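Notes follow the structure.
Each value in this text was obtained by applying a stated rule to the coordinates, not by laboratory testing. Please read these numbers as outputs of a predicted model, since none were measured by experiment. Here the Cβ positions follow ideal geometry from the backbone for every residue, glycine too, while neighbour counts run over all protein chains shown.
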Amino acid sequence: MPHIVTDDGCRLNYRLDGPEAAAVVVLSNSLGTNLEMWAPQMDALTRHFRVLRYDPRGHGGSDVPKGPWTMERLGKDVLALLDALGIAKASFCGLSMGGMVGMWLGVNAPQRIERLVLCNTAAYLGPAQMWDERIETVRRAGMAALVEGVLERWFTAQFRSAAPDKVEPIKRMLLSTSPEGYAGCCMAIRDMDQRQSIRSIKLPTLVIAGSRDPSTPPERAREIADAIVGSKLVILEAAHLSNVEQAERFNRELVDFLRG
């Protein structure tokens, strides 16, 4: 796949799909996954949009530069992608860590964002000790030590039982993620607090939550929606990866909002 190089020399893997003349939508995935996390959305989105997916630094086909990293750094990576590809303005949809990046962009680069979609995410996700423990675990024992616990938080038990074919690709993504890349992004999440700054966001914003999401529960989504004046909140019957567990409803809400 093609790549761009950021100002600090990090190669970012990306993929563009959909009609070349269509409006661009950027998709930003969760911690521990790669751009294929968005496979359930591609058919629906590429009917209407040019879709830009990318692997965050430390993930998938992107480089793993020396950390620590910040949410600002992850946000500037998106701006580097847009600049390198000659995209002046795009809509942005991020899930979990991707939503955190989206909030940073909404605050710091609103002139580059058309519409903002923040899914299964939080403006602050403490305590720091939780992230320090996770960083220590992944550095000591690798991604395999985290995977089962992550999958239990990301999908309801019913979905894991009924749709193993949809859960297995996510498990493979987690296992293939660089432990150091995962740790670097954990640091960015650990040190992030956007609860006050997002009050300045004036962009059309859709907030999506999962009613059974233990990682970023619905109250985190309500905090975001309350802080961003005029935003719309949608709660799906799903755990953390609502784009996979409730793909049909997720796609309908996403496309309707982006075309609005």
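Figures for the structure shown
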{"quantity": "Enumerated strands (runs of 3 or more DSSP E) restricted to region 1-90, each holding at least 2 residues that are in contact (Cβ under 8 Å) with a residue 40 or more places away in the chain", "calculated": "3-5, 11-17, 24-28"}
{"quantity": "Residue among Met103, Met37, Met97 that is surrounded by 24 or more Cβ atoms within 10 Å (Cβ to Cβ) and in contact with a Cys (Cβ under 9 Å, 6 or more places away or on another chain)", "calculated": "Met97"}
{"quantity": "Single residue of Leu233, Leu254, Leu206 found to be touching a Ser or Thr at 6+ places or on another chain (Cβ under 9 Å) and farther than 27 Å from Trp131 by Cα", "calculated": "Leu206"}
{"quantity": "Members of region 18-59 that are of a type in the set (Gly, Ala, Ser) and in contact with a helix residue (DSSP H, G or I) (Cβ under 6 Å, 6 or more places away or on another chain)", "calculated": "Gly18, Ser28, Ser30, Gly32, Ala44, Gly58"}
{"quantity": "Residues being free of Cβ contacts under 8 Å to residues at least 40 places away in the same chain, of a type outside the set (S, T, N, Q), over 19 Å from Ser96 (Cα atoms) and in contact with a helix residue (DSSP H, G or I) (Cβ under 7 Å, 6 or more places away or on another chain) - total across region 123-153", "calculated": "3"}
{"quantity": "Region 154-206, subset closer than 19 Å to Gly99 by Cβ and of a type in the set (D, E, K, R), residue surrounded by the most Cβ atoms within 10 Å (Cβ to Cβ)", "calculated": "Arg190"}
{"quantity": "Tally of residues being buried (at least 18 other Cβ atoms within 10 Å of the Cβ), in a loop (DSSP other than H, G, I, E, B) and not small (Gly, Ala, Ser) across region 115-147", "calculated": "4"}
